[in-house]
Amino acid sequence: MTDTVLYEVGDGLATITINRPEAMNALDIATKVALREAVLEAAGDGGVRAVLLTAAGDRAFCVGQDLKEHIGLLAADREAGSGVTMTTVKEHYNPIVRAIASMPKPVVAGVNGVAAGAGFGLALAADFRVVADSAAFNTSFAGVALTADSGVSWTLPRVVGPGRAADLLLFPRSVKSAEAYEWGIANRVVPGAELRSEAEKVARVLASGPTVAYAALKESVAFGLTHSLGETLEKEDELQGRAGASADHAVAVAAFVAKETPLYSGR
């Protein structure tokens, strides 16, 4: 990737690290492009069975759009009479969030600090969020006269409910880790010094698990959020057929009968 986004793979786990701690891991164009490439690579790599998305430093997970760069781009747009700056949603945020949410493998977000704007969106797109006790979340969009992007208008109401989502979007504020846990934004809160190790531990457990079943679980939950009960029951039937035919299911059943720990291959 680049210096601003680090990518490494080992033992079925892809670790993607936003690496701009001096800028609170804000997303300039180069970082967004590199992050998009990293997420798409992890999604398409059959050897990757889980993904850990985290960031460098201990102040911020990601504060969203790099506003210093954004100001310059807006000025250039005004001079040229164009709207090129706002195409970043279509070109960068949408493919990144879509890949995180839909890839057929679990994604863990290790939220080491502030997650604001698009940074909040990245965290919400993940399947599981391990959060440092010093971290906080903020929608931020209305504070700079913008609407939600990076999937927040879809993910946030489904996590906290439409009423709380409206409150957080219309009146941006910092949601501390304890409140984030209470509302379901954080799945697990740990001391900041333990964040990386705990997030990696969770991700490695998932990377050694039944990958086909995890993919089916992600698909079924996403499907059920936007379909009727009848349609969801049919989807469950389809997905259970897929999971039941996997090698990992046979291994799991045999291990259960033998009172052994299953060793999954991800197939």
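The values are calculated or read from the model by the stated rules, or taken from the named source; none is laboratory data. Bear in mind that the values here come from a model prediction, so they are computed numbers and not experimental data. Here Cβ is always computed from backbone atoms with ideal geometry, including for glycine, and neighbour counts include all displayed protein chains.
Listing for the model above:
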read-out: Complete set of residues in the stretch 206-245 that are within 20 Å of Ala109 (Cα to Cα) and in contact (Cβ under 8 Å) with a residue 40 or more places away in the chain; value: Leu206, Ala207, Ser208, Gly209, Pro210, Thr211, Tyr214, Ala215, Lys218, Glu219, Ala222
read-out: Pairs, first closer than 16 Å to Ala99 by Cβ in the stretch 1-23, second modelled with pLDDT under 95 and part of a loop (DSSP other than H, G, I, E, B), C-beta under 7 Å, six or more apart; value: Tyr7/Met1
read-out: Selection count, the stretch 208-241, where residues are exposed (fewer than 15 other Cβ atoms within 10 Å of the Cβ) and either in the same structural domain as Thr155 (by TED's automatic domain parsing) or within 22 Å of Ala42 (Cβ to Cβ) (or both); value: 2
read-out: All positions within the stretch 43-75 that are among the acidic types (Asp, Glu) and either closer than 23 Å to Thr87 by Cα or not assigned by TED's automatic domain parsing to the domain that holds Val111 (or both); value: Asp66, Glu69
read-out: Criterion (at pLDDT 95 or above, part of a helix (DSSP H, G or I) and either over 23 Å from Gly151 (Cα atoms) or not basic (Lys, Arg) (or both)) met by exactly one of Ala75, Ala38, Ala14; value: Ala38
read-out: Val251 vs. criteria more than 20 Å from Leu124 (Cβ to Cβ), of a type in the set (Val, Ile, Thr), surrounded by 12 or more Cβ atoms within 10 Å (Cβ to Cβ) and without any contact (Cβ under 8 Å) to a residue 60 or more places away in the chain; value: yes
read-out: Residue that is farthest from the chain's Cα centre (by Cα) [pool: residues in the stretch 139-174 that are farther than 20 Å from Ala60 by Cβ and charged (D, E, K, R)]; value: Asp167
read-out: Hits in the stretch 150-173 - residues which are closer than 10 Å to Thr139 by Cβ and not in a helix (DSSP H, G or I); value: Phe171, Pro172, Arg173
read-out: Subset of the stretch 21-31 that is assigned to a helix (DSSP H, G or I) and closer than 9 Å to Asp66 by Cβ - its residue that is nearest to the chain's Cα centre (by Cα); value: Thr31
read-out: The stretch 162-177, residues that are surrounded by fewer than 18 Cβ atoms within 10 Å (Cβ to Cβ), touching a residue at least 12 places away in the same chain (Cβ under 8 Å) and over 13 Å from Ala148 (Cα atoms); value: Arg164, Arg173, Ser174, Lys176
